[in-house]
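Input: a single structure, listed below in structure tokens.
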Number of protein chains: 2
Amino acid sequence: MERLTGRQQKILSLIIHEHIRSAEPVASNRLVTDYNLDLSSATVRNEMAFLTETGFLRQPHTSAGRVPTEEGYRYFVGNLMRNTTLPEDARRTISHQFYQSRNDISNWMHLAASILANQSKAASLVTSPHPEQVRFKHLELIATHNTQILCVLVLEGGEIHQNVFTTDEAVNQEDLSRISNSLSTLLCGKNRIEVHALTNPLTELEKSIADWLMLEMEQTENLTSGEVILDGLTNVLAEPEFVESDEARRALKLIEERTLLQDLISRSGFKDQTNGVQVLIGGEGTWDELKQMSIILAKYGLPGVATGTLGVFGPIRMSYGHSISIVRFLSSLLSDFVAEQW
Amino acid sequence: MERLTGRQQKILSLIIHEHIRSAEPVASNRLVTDYNLDLSSATVRNEMAFLTETGFLRQPHTSAGRVPTEEGYRYFVGNLMRNTTLPEDARRTISHQFYQSRNDISNWMHLAASILANQSKAASLVTSPHPEQVRFKHLELIATHNTQILCVLVLEGGEIHQNVFTTDEAVNQEDLSRISNSLSTLLCGKNRIEVHALTNPLTELEKSIADWLMLEMEQTENLTSGEVILDGLTNVLAEPEFVESDEARRALKLIEERTLLQDLISRSGFKDQTNGVQVLIGGEGTWDELKQMSIILAKYGLPGVATGTLGVFGPIRMSYGHSISIVRFLSSLLSDFVAEQW
DNA sequence: TTTTAGCACTCTCATTGTTAGAGTGCTAAA
DNA sequence: TTTAGCACTCTAACAATGAGAGTGCTAAAA
């Protein structure tokens with residue numbers, strides 16, 4: 001990694017800041033006048049030439065200002081950005097919005113996606129918390145019409161699955177309650193394999209119920225992530241660099257189709273930096289479709305028990321400091337919600 | 001309504017067909033050569049002049065071909081379009097895709113949105129089926145941790161709500177089961193007002209549970225539509241007329257924010273045409289933001305019991321025949337699913 | 001009366017030429 | 001080491017031009 005002088009770092013920071021604001025190449029003059037630099041534009045130009053040589057800036061054409069490269073953004077995020085935390089009042093406002101829905105997973109997922117999108121002015125995603133190992137909690141059988149049975153499976157952590165069975169002959173609610181009670185007490189807290197070992201079903205109905213609940217548990221376990229909520233897709237489209245080119249459209253299409261997300265979430269190792277928040281800038285050489293975009297991801301939940309992913313994606317020219325602090329804050333907030341229920 | 005000769009109708013149809021295909025103004029020549037018209041271009045020009053005068057076509061500029069007006073599309077949809085039904089094999093393929101998820105509302109809503117978007121090459125929406133009157137079906141209380149109680153409310157039709165209560169002291173599962181059993185038998189099939197009249201709670205816990213379930217029932221009842229699933233937003237953005245203008249972006253933004261949808265669904269009277277399918281062309285003078293877009297909506301479900309809405313929205317230059325037949329088919333398919341569960 | 005060939009007319013769009021100005025790199029002086 | 005000054009380059013905006021697309025109209029043909 002190149003070593004930069006304090007002044008070079010400052011100029012790089014200012015250029016990135018100004019470019020994020022204006023979406024245009026930044027001229028040496030603009031820096032001097034608008035940011036009260038105690039330097040002449042010529043000096044700034046010399047430094048800019050150096051930063052261009054070392055790969056942190058580039059020039060769209062000879063007589064244009066400078067634009068940060070991916071490398072430049074990466075250096076900025078890794079070394080220069082001051083580690084902003086969300087101001088106390090913003091935290092309070094956001095926490096307050098969750099007050100009503102803290103007990104309903106689906107609700108707070110949507111809310112989180114909406115807040116992420118609005119605050120970061122980019123697109124956002126939130127995946128449902130995914131348990132490492134699925135455990136049975138409770139089963140309920142409810143007679144609906146004469147031969148139809150609504151079957152509700154509650155997993156540890158409060159996740160709910162439902163299904164409707166049709167039987168050959170009518171079953172009354174008392175019988176159903178007896179079955180569900182015995183199964184519930186028998187299987188409570190058991191994982192998929194234990195459930196399989198314990199169920200020695202007698203009737204046709206019990207057999208199909210047992211089959212179904214093992215299927216649901218297996219599916220839930222194998223999913224890398226359950227539901228994926230997207231929001232703010234149109235925010236990204238409003239950005240000037242995406243108005244013309246259809247690169248963004250293609251990237252958004254991939255994201256809407258959820259194909260990239262799986263890949264992205266599983267391959268981004270979460271090995272590293274910035275306090276559990278992962279920053280992917282310009283596809284990092286791996287994802288060609290994301291050349292113009294950056295993605296900020298964080299896991300949330302209880303490690304080893306149940307985790308989900310949340311994050312924002314926007315133009316490479318995004319406000320990293322603010323976005324990262326939002327992502328980090330929501331990640332810890334949602335972790336609390338998960339901890340309450342698991 | 002103007003009276004058009006057969007030839008005029010045919011020319012209007014062909015122009016609309018060709019314009020939907022090419023997204024460009026249609027010239028008199030193109031019609032004669034590409035569609036083997038047994039007429040000269042001059043004759044076609046005369047008819048085109050007439051159709052322009054009567055308001056079905058317009059000319060972007062003097063030396064350009066013709067483009068259908070909103071009025072033109074409306075006449076086409078109302079009078080000229082042959083009432084296409086989806087081919088048998090397409091129906092079968094689609095039905096087959098639903099096979100696995102016919103019992104899970106959330107699943108089939110997503111699937112329906114995805115199929116609508118892909119088939120119509122436009123954006124799609126599906127709202128959850130909304131009961132006319134909410135009725136209690138079943139209540140289940142499950143002890144999770146020492147002082148936490150997971151509370152699952154099942155409404156008639158299979159809709160499920162959940163909440164977590166925290167009590168001052170630990171409660172055992174037997175007590176909870178007793179409470180939920182007695183409440184379930186007491187309240188089964190009752191609507192919100194009857195529930196209110198019947199609950200004369202004794203303990204603090206019972207009181208908060210009763211409060212909550214009445215709140216949920218009330219909220220569910222007051223919603224014009226519950227969950228709204230959107231899909232295929234990026235399909236619309238790929239259309240040439242939206243690449244440049246930001247009109248589409250604004251329209252999509254409104255739709256993403258769900259503000260327009262409520263208005264749209266409630267105000268579109270479903271008074272009319274095309275077998276329960278409602279076609280809104282170019283905002284119909286009411287919605288300015290939708291000048292360039294058309295919306296095809298249909299209700300599904302059991303009228304008077306529980307209904308939802310589904311549809312597609314795309315450029316005004318959309319393939320109405322195909323889209324309408326898809327919407328109609330899915331509407332009847334989902335109606336079957338609703339009928340099975342209510 | 002209806003259709004059509006022919007032609008003048010209009011408007012767009014792509015191309016070219018031109019110019020102002022934005023911004024740089026370099027040099028020589030401070 | 002910094003900076004003033006200046007030549008140089010490239011873009012973006014504008015005007016001028018011409019080809020071509022497509023029309024409307026007229027007068028002749030069916």
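The values are calculated or read from the model by the stated rules, or taken from the named source; none is laboratory data. Remember, predicted model here, so these are calculated numbers, not experimental data. Neighbour counts run over all protein chains shown; Cβ positions are idealised from the backbone, glycine included. Each accessible area value is taken on the protein alone, full model and side chains, heavy atoms only, with ligands, DNA and RNA left out. Shrake-Rupley method; radii C 1.70, N 1.55, O 1.52, S 1.80 Å.
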With only helices counted (DSSP H, runs n ≥ 4, each -39500 (n - 2.57)), the per-residue ellipticity at 222 nm for chain B, to the nearest 500, works out to -14500 deg cm²/dmol
Using alpha carbons only, how many degrees (0 to 90, rounded to 10) separate the axis of helix A:247-256 from the longest principal axis of chain A? 20
Rolling a 1.4 angstrom probe over the protein chains, ignoring ligands and nucleic acids, what is the accessible area of residue A:39 in square angstrom, nearest 10? 50
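Expressed in nm², what is the orientationally averaged projection area of the convex hull enclosing the Cα positions of the protein assembly as shown?
Details: hull surface 148.4 nm².
Result: 37.1 nm².
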Of A:69, A:286, A:234, which has the largest mean-square fluctuation in a 10 Å C-alpha GNM of chain A? A:286
In nanometres, what is the gap between the two model label sites at residue B:83 and residue A:39, each 7 Å from Cα along Cα-to-Cβ? 7.6
What gaps in nm, shortest first, separate residue A:39 from its twins in the other copies when you place the label 7 Å past Cα toward the beta carbon? 7.2
Between segment B:93-132 and segment A:321-337, what is the C-alpha centre distance in whole Å? 33
Which distances, shortest first and in nm, link residue B:291 to the matching position in the other copies, using label points set 7 Å out along Cα to C-beta? 3.5
Along Cα-to-Cβ, 7 Å out, sits the label point; list in nm, shortest first, how far the one on residue B:63 is from those in the other copies. 3.4
Integer Hz, Karplus 6.51/-1.76/1.60 couplings in order for segment B:325-335, x for Gly and Pro: 5, 5, 4, 5, 5, 5, 4, 6, 5, 5, 4
Between the alpha-carbon centers of segment A:214-233 and segment B:178-247, tell me the distance in whole angstrom. 22
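Please report the relative contact order for chain B, taking Cα pairs under 8 Å with a sequence separation of at least 6, and give it as a percent rounded to a whole number. List each step's numbers first, then the result.
Values: 512 pairs, mean separation 65.0, N = 342.
Result for chain B is 19 percent.
Evaluate the Kirkwood expression for the hydrodynamic radius of chain B, namely the inverse of the mean inverse distance over all pairs of different C-alpha atoms, and round to one decimal in Å.
Its Kirkwood hydrodynamic radius stands at 23.1 Å.
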Non-local amide H neighbours of residue B:278 (under 5 Å, H modeled in plane, Pro and chain starts lacking H): which ones? B:297, B:298
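Return the subset of A:10/A:121; A:207/B:190; A:253/A:291; A:291/B:291 for which the Cα-Cα distance in this structure is over 23 Å, preserving the input order. Before the final figure, lay out each step's value.
Values: A:10/A:121 26 Å; A:207/B:190 32 Å; A:253/A:291 15 Å; A:291/B:291 34 Å.
Exceeds cut-off: A:10/A:121; A:207/B:190; A:291/B:291.
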Quick one: net charge around residue B:143, please, counting Lys, Arg +1 and Asp, Glu -1 for every other residue with C-beta under 13 Å from its C-beta. -3
Inter-centroid distance (Cα atoms) of segment A:13-68 relative to segment B:1-48, Å: 57
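Counting only protein heavy atoms and a 1.4 Å probe, tell me what percentage of chain A's accessible area is made up of carbon and sulfur.
On the way: 7490 of 15710 Å².
That fraction is 48 percent.
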Rounding to the nearest 10 and keeping the result within 0 to 90°, find how far the Cα-based axis of helix A:204-222 lies from the longest principal axis of chain A. 10
Mind pulling the per residue volume of the convex hull built on the Cα atoms of segment B:136-222? Å³ is fine. 82
With the cut-off at 1.5 for a/c, could you classify segment A:6-80 from its C-alpha gyration tensor as rounded, prolate or oblate? rounded
Quick calc, the protein assembly as shown, dipole around Cα centre from Cβ unit charges on Lys, Arg (+) and Asp, Glu (-), nearest 20 debye, gives 1880
